[in-house]
Amino acid sequence: MAAQMTAAVLHGREDLRIEQVPMPRAGPGEMIIRVAAALTCGTDLKIYRRGYHARMLKPPIAFGHELAGTVYEVGRGVSPFRAGDRVVALNSAPCGQCYFCRRDQENLCDDLLFNNGAYAEYLRVPARIVARNTLLIPDGIPLEHAAMTEPLACVVRGLDECQARGGDTVAVIGAGPIGLMFMHVAHLAGLHVIAVVKHDEQVAAARTFGASSVVKITAVPDPVAAVRALTPGSRGVDLAIEAVAIPQTWQWAVEMVRKGGTVNFFGGCAAGTKVELDTNRLHYSSITLRASFHHTPAAARRAFDLIVSGRFRCSETITGRAPLTDLVQVFHRLVQGTGDIKTAIIP
């Protein structure tokens, strides 16, 4: 009988099961990681609630994509890594040859290879990810901290694409894990951060991660006016980052920016969602609208450097820990909005 391991498998909308599945083996160029920590995230929560992800997975499928661990087995031809190495493997790798890869837009690669299954005892890493998007973790860096590389890479790229200048004012709408990461990375980049949050406990979290001002939407009659009031002459912010993924907050982001400002629709709404925007405001105020999706190998390395250098507040981001067998209960709590910022799942 083939060896078995414990893993989380997503079968559909809010249908996550802890199962015994076959233990993976490493083929040529591949490797098997013994998972030390896999982190919960907003994307996984959206996938759990919707039951699918348009680009990354369709059920039934192994679940989870933020992890770090130690190399358990290497396949033929793998030279940079060996058994026992501490590594973080990103959840994707581009082909490096298509039109988009040649234009430094590897996040839009025509053949972007995704890998899921972090909520498990072991994970098989495809050869392309081994070669292009697996990083050796220095001694002294907690593995659960290194597991944060993937979401942080998405944030690093998202902020880069906005081309903000030091001293600019940015409104970050949403104080989930990604929103808090945007606040912190923007603060580290020298931006003045206004956080737009919903819950009481998010006020303190936003300040911890770099927000100098916080607007709690349930405490003000008009969140847009409240944000604009925090800027000179109520002109609006230089940059608004939407990290909630609902039409209302997409509209708020457009109304919060100044003339000539930039909006980044980072939160991905459900497939088929429509949003109404004021075309006169967009045109006559010369507002730049953009959306950021995923990460690139370069962004992953910059994010990894933020973690390894100690500049990013990893300890404050991982606020809970649970065994793999409790994963379903962890997601139930996340759905109710009472969960931690990030929970490290320890197989």
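If we scan region 309-324, do we find a residue that is modelled with pLDDT of 95 or more, more than 14 Å from the chain's Cα centre (by Cα), in a helix (DSSP H, G or I) and within 18 Å of LEU10 (Cα to Cα)?
Yes, that holds for at least one residue.
How many residues does region 277-310 contain that are more than 21 Å from ALA240 (Cα to Cα) and of a type in the set (Asp, Glu)?
Total meeting the criteria: 1.
Within region 327-347, count every residue that is part of a loop (DSSP other than H, G, I, E, B) and surrounded by 15 or more Cβ atoms within 10 Å (Cβ to Cβ).
In the first step, residues of region 327-347 are kept if they are part of a loop (DSSP other than H, G, I, E, B); the result is 337-341, 347.
Checking the rest, the ones that are also surrounded by 15 or more Cβ atoms within 10 Å (Cβ to Cβ) come to 339-341, 347.
Summing the residues that are part of a loop (DSSP other than H, G, I, E, B) and surrounded by 15 or more Cβ atoms within 10 Å (Cβ to Cβ) in region 327-347 gives 4.
Give the number of residues within region 66-87 that are of a type in the set (Ser, Thr, Tyr), at pLDDT 95 or above and farther than 27 Å from ASP44 by Cα. Before the answer, list the steps.
Start the filter on region 66-87 by keeping residues that are of a type in the set (Ser, Thr, Tyr), which leaves 70, 72, 79.
Going one step further and asking which of them are at pLDDT 95 or above, we end up with 70, 72.
Narrowing further to those that are farther than 27 Å from ASP44 by Cα: none.
Total meeting the criteria: 0.
Matching residues to (1) among the polar types (S, T, N, Q); (2) surrounded by 24 or more Cβ atoms within 10 Å (Cβ to Cβ); (3) more than 18 Å from PHE304 (Cα to Cα); (4) out of contact with any Phe, Trp or Tyr (no Cβ under 8 Å at 6 or more places or on another chain):
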position: ALA38; (1), (2), (3), (4): no, yes, no, no
position: ALA62; (1), (2), (3), (4): no, no, yes, no
position: TYR72; (1), (2), (3), (4): no, no, yes, no
position: GLY84; (1), (2), (3), (4): no, no, yes, yes
position: CYS98; (1), (2), (3), (4): no, no, yes, yes
position: GLU106; (1), (2), (3), (4): no, yes, no, no
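Out of the residues in region 288-305 meeting the condition of being surrounded by fewer than 21 Cβ atoms within 10 Å (Cβ to Cβ) and aliphatic (A, V, I, L, M), tell me which one is farthest from ALA153 (Cα to Cα).
LEU289
This table checks each residue for (1) in a helix (DSSP H, G or I); (2) surrounded by 15 or more Cβ atoms within 10 Å (Cβ to Cβ).
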residue	(1), (2)
VAL214	no, yes
LEU230	no, yes
ASP238	no, yes
VAL244	no, yes
THR249	yes, yes
ALA253	yes, yes
CYS269	no, yes
LYS274	no, no
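Only one of ALA118, ALA83 is in contact with a strand residue (DSSP E or B) (Cβ under 8 Å, 6 or more places away or on another chain) and under 20 Å from ALA303 (Cα atoms). Can you tell me which? It would help to see each step written out before you state the result.
On the way: ALA83 fails: under 20 Å from ALA303 (Cα atoms).
Checking each option against the conditions leaves just ALA118.
Can you tell me which residue among LEU239, LEU143 is in the same structural domain as VAL78 (by TED's automatic domain parsing), at pLDDT 95 or above and touching a Gly at 6+ places or on another chain (Cβ under 8 Å)? Before you say what the answer is, go through the steps one by one.
Numbers: LEU239 fails: in the same structural domain as VAL78 (by TED's automatic domain parsing).
Among LEU239, LEU143, only LEU143 is in the same structural domain as VAL78 (by TED's automatic domain parsing), at pLDDT 95 or above and touching a Gly at 6+ places or on another chain (Cβ under 8 Å).
The values are calculated or read from the model by the stated rules, or taken from the named source; none is laboratory data. Treat the numbers as computed from the prediction; the structure is a model and nothing was measured. FYI the Cβ positions are ideal-geometry reconstructions off the backbone, even for glycines, and counts take in every protein chain you see.
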